[in-house]
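Heads up: the structure comes next, in structure tokens.
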Amino acid sequence: MEDFRTPTARARGLGAARGGTRDFWYQRVTSALGVLLITGAIIVVIDSIGADYDDVRALLSNPVVVALLLLALLNFCIHMRIGMQVIIEDYVHQPMAKVLLLIVNAGFSTVIGVVGAVAIIKIAFSG
Amino acid sequence: MTGTAAPTPRIPIAPHMQVYRPTLTMVMSIMHRLTGTALYAGTVVFVWWLVAVAAGRVAYETFLDVFGSVPGLVVLFGLTWAVLHHALGGIRHLIWDVGRAHTYPWREYLARANLIGSLTLSATLWVVFYPW
Ligand code: HEM
């Protein structure tokens, strides 16, 4: 049967998770930004060592720290969703199991990100 | 099996991991994946910390008790090493992505720098910043 689609159109969407190259690019971008963001996050965590409750709250409600932690959380939730997706695509080939794990992975990455962000914002706005 | 055809030569038809002698770069590749997976789980610890601070003193004390215990400290040290190892490994990936250091001897130098760097950095951070 005649196929009127162009070769590009036929190839689109054929990745192991039926997606394109966006994830590939995002993984590189979140890695490069991640180097800066993880450095900042490690400094914040070190700063909190030995601090009592009020000190930690004061540290975590500094606007620079709030912005840094929100950005780091967003960055790494995207990064780890893509990373784990690659692992699932590598090892799980049964279609139903693969789709389910991909959904669980996207769900976990989103929930972790949102719960963390709510905590950061709550601390930020309650002093 | 018809018994008439010439016997098929028994050649390997696909690479079997088991027949390769492990090399440093190979082990490092596996470690990047393992540390990435550990960090994936480790986000729970980080978010637990944030939620504990948001929730109040009691929740924060509980967090400190859990991660001040010996198993807790082992987890924290493991995550320190994992994040440093994975971050340095990630920089190695980015160097490859711009087309550098794919060949001998640089790929070996980078693999060693990654391992030695992550171990010394983790040890240094803990020696310096842990309230001994
Ligand atoms: C500075 C920090 C980081 C950098 C530079 C970085 C870099 C990278 C790179 C380049 C890859 C792709 C490896 C490949 O193509 O095979 C990767 C994979 C991965 N990363 Fe990260 N990463 C960082 C932090 C994190 C964090 C904090 C997490 C978890 C919360 C994480 C989770 C993962 C996972 C699960 C994978 C998949 C591993 C694999 O496919 O073998 N990474 N990382």
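The values are calculated or read from the model by the stated rules, or taken from the named source; none is laboratory data. Bear in mind that the values here come from a model prediction, so they are computed numbers and not experimental data. Note that we place each Cβ from the backbone using ideal geometry, even for glycine, and neighbour counts take in every protein chain shown. Remember, those area values only see protein heavy atoms, side chains included, never the ligands or the DNA or RNA. Shrake-Rupley method; radii C 1.70, N 1.55, O 1.52, S 1.80 Å.
Once the Cα-Cα distance is subtracted from the 0.36 nm per residue extended length, the residue A:48 to residue A:104 segment shows a gain of 16.9 nm. Each 5 Å bin, from zero up to the one with the longest distance, holds this percent of the alpha carbon pairs of chain B: 2, 8, 13, 15, 14, 12, 9, 7, 6, 4, 4, 2, 2, 1, 1, 0, 0.
For segment B:10-86, the list of trypsin sites (Lys or Arg not before Pro) that fall in a loop by DSSP and count at most 16 other C-beta atoms within 10 angstrom reads B:10.
For the set A:35, A:111, solvent exposure ranked by accessible area (probe 1.4 Å, protein chains only) runs largest to smallest as A:111, A:35. Taking the protein heavy atoms of chain A in the context of the full set of protein chains, the accessible area attributed to carbon and sulfur is 71 percent at 1.4 Å.
Determine the sum of side-chain charges near residue B:53: Lys and Arg each +1, Asp and Glu each -1, restricted to other residues whose C-beta is under 15 angstrom from that of residue B:53.
Values: positive: A:57, A:122, B:57; negative: A:47, A:52, A:54, A:55, B:61, B:65.
With Lys, Arg at +1 and Asp, Glu at -1, the net is -3.
Tell me, what is the per residue accessible area of segment A:7-125 in Å², probe radius 1.4 Å? Could you put the intermediate results ahead of the total?
Working: 6860 Å² over 119 residues.
I get 58 Å² per residue for segment A:7-125.
Spatial offset of segment B:111-132 relative to segment B:13-74 amounts to 16 Å, using the alpha carbon center of each. Can you give the Kirkwood hydrodynamic radius of segment A:7-125 from its Cα pairs, in Å with one decimal? Across segment A:7-125, the inverse of the average 1/r is 16.3 Å.
Based on C-alpha pairs under 8 angstrom that are at least 6 apart in sequence, chain B has a relative contact order of 27 percent.
Charge tally around residue A:90: other residues with Cβ under 12 Å, Lys/Arg +1 each, Asp/Glu -1 each, net +1.
Could you report the buried accessible area between A and B, both sides summed, computed with a 1.4 Å probe and given in Å² to the nearest 100? Intermediate values should be presented prior to the final figure.
Working: alone 9080 and 10230 Å², together 16640 Å².
Between A and B, the summed buried area is about 2700 Å².
Just add up the charged neighbours of residue A:69: K/R +1, D/E -1, any other residue whose Cβ is under 14 Å from the Cβ of residue A:69. So the surrounding residues net to +1.
Counting pairs of Cα atoms in the protein assembly as shown, how many percent are more than 22 Å apart? That fraction is 65 percent.
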